[in-house]
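Enquirer: This is the structure I have questions about; it appears just below.
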Amino acid sequence: MKELDAKSITVNSKSNLAFTLLCLPKERRKDMESFYAFCRVVDDIADEPGFTCEQRMQMLDEWEKGFLNGFLDPNSLQSEVLALREKYTIPSELFVEIIKGMKMDVCGTEYVTFDELKRYCYRAASVVGLVCLKIFDANDPRSKDYAINLGYALQLTNIIRDVGEDYKTGRVYLPDEELEKFNITKEDLMGSANSRAFLDLMKFQADRAEYFFKKAEAYICEGDYASLRAARCMARIYYLILKKIRKGRFQVFEKRYSIGKFRKILALLGY
């Protein structure tokens, strides 16, 4: 994989998270760019075409061993992330959990129960939030519950939004038990789109994501309110996306839902 510097990776991603970093002080924004670049690189290892499962697992193993035992010959990004770990006293286990989340994607996306899917969401999103707390300087114990629950909300929104795209690559993140509950098979998921059963299934998913947004909001505390500005902006953007998906009656096979730059700017400003 081509090596890029952290800032280039962040700018090129054009992601919602990258957008929210604009509200951070310069030094913390630079540090978040390094962390985001790490997240982007390990995610690309799991998703980018052109690699076998064995190659993907080997590359992720190298990252994992690097955090636990040290990199033999660290590249510039690995050096940056290690420096970040020392600067903010971030436990190596958090980085390893994120990598394990990416390994779950490589191994497949078979989730029988929501508890199994929730474990994936924790690794792929909630742990990212826990690392961000360190960089944001959010220290109230309640902020950990905020990060964990917001992570669930964001990842579940991603899953809802990307049902169509994921399906085309052979991935279905919706738990088997819930597909069965609404009488939909994985094989007929696309064929069921716009049916009453499909709309009920997606509404069930959206209600759960909304539950975690509200649960996260309940843990926002006065002491960390300013420190969590980027996270609160992220929450507003994704909540708006969830509302748009719901209003659009879950046409997730026909379109990819997003919000415009102006709405994102308003979210950044707190509106």
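Enquirer: I'd like the full set of residues that are surrounded by fewer than 19 Cβ atoms within 10 Å (Cβ to Cβ) and in contact (Cβ under 8 Å) with a residue 60 or more places away in the chain, limited to segment 237-254.
Expert: Correct list: Phe253, Glu254.
Enquirer: Could you check segment 32-58 and list, in sequence order, the residues that are open to solvent by 40 Å² or more (accessible area, probe 1.4 Å) and not small (Gly, Ala, Ser)?
Expert: Keep residues of segment 32-58 that are open to solvent by 40 Å² or more (accessible area, probe 1.4 Å), which gives 40, 47-55, 57-58.
Matches in segment 32-58: Arg40, Asp47, Glu48, Pro49, Phe51, Thr52, Cys53, Glu54, Gln55, Met57, Gln58.
Enquirer: Please specify each residue of segment 164-197 satisfying the condition of being open to solvent by 60 Å² or more (accessible area, probe 1.4 Å) and either closer than 19 Å to Glu254 by Cβ or assigned to a loop (DSSP other than H, G, I, E, B) (or both).
Expert: Filtering segment 164-197 down to residues open to solvent by 60 Å² or more (accessible area, probe 1.4 Å) leaves 165, 168-170, 177, 180-181, 183, 185, 187-188, 190-191, 194, 196.
The answer is Glu165, Lys168, Thr169, Gly170, Asn183, Thr185, Glu187, Asp188, Met190, Gly191, Asn194, Arg196.
Enquirer: Let me ask something additional. Only residues that are open to solvent by less than 60 Å² (accessible area, probe 1.4 Å) and either in contact with a Ser or Thr (Cβ under 6 Å, 6 or more places away or on another chain) or outside any loop (DSSP other than H, G, I, E, B) (or both): list them for segment 84-103, please.
Expert: If we filter segment 84-103 for residues that are open to solvent by less than 60 Å² (accessible area, probe 1.4 Å), which is where we start, we get 84-85, 88, 90-92, 94-99, 101-103.
Across segment 84-103, the qualifying residues are Leu84, Arg85, Ser92, Leu94, Phe95, Val96, Glu97, Ile98, Ile99, Gly101, Met102, Lys103.
Enquirer: Also: Say we look at segment 255-271 and pick out the residues that are assigned to a loop (DSSP other than H, G, I, E, B) and open to solvent by less than 70 Å² (accessible area, probe 1.4 Å); which of these is nearest to Met32 (Cα to Cα)? Step through it out loud before you land on a result.
Expert: Looking only at segment 255-271, we keep the residues that are assigned to a loop (DSSP other than H, G, I, E, B), and these are 255-260, 270-271.
Cutting the leftovers down to open to solvent by less than 70 Å² (accessible area, probe 1.4 Å) gives us 257-260, 270.
Numbers: Tyr257: 26, Ser258: 23, Ile259: 23, Gly260: 23, Gly270: 21 Å.
Per the stated criteria, the residue is Gly270.
Enquirer: So which of Ala206, Ala226, Ala216 ends up being surrounded by fewer than 19 Cβ atoms within 10 Å (Cβ to Cβ), aliphatic (A, V, I, L, M) and under 16 Å from Asn149 (Cα atoms)? Break it down stepwise before answering.
Expert: Working: Ala226 fails: under 16 Å from Asn149 (Cα atoms); Ala216 fails: surrounded by fewer than 19 Cβ atoms within 10 Å (Cβ to Cβ).
Criteria check complete, one pass: Ala206.
Enquirer: Further question on the same structure: Just the residues that are open to solvent by less than 20 Å² (accessible area, probe 1.4 Å) and either at pLDDT 95 or above or hydroxyl-bearing (Ser, Thr, Tyr) (or both), please, taken from segment 104-123.
Expert: Listed by number, the residues that qualify are Thr109, Tyr111, Leu117, Tyr120, Cys121.
The values are calculated or read from the model by the stated rules, or taken from the named source; none is laboratory data. Computed from a prediction, not measured in an experiment: that's the story for all the values here. Cβ sites come from the backbone with ideal geometry, for glycine too, and all protein chains shown count toward neighbours. Accessible surface areas use protein heavy atoms only, side chains included; no ligands, DNA or RNA. Shrake-Rupley method; radii C 1.70, N 1.55, O 1.52, S 1.80 Å.
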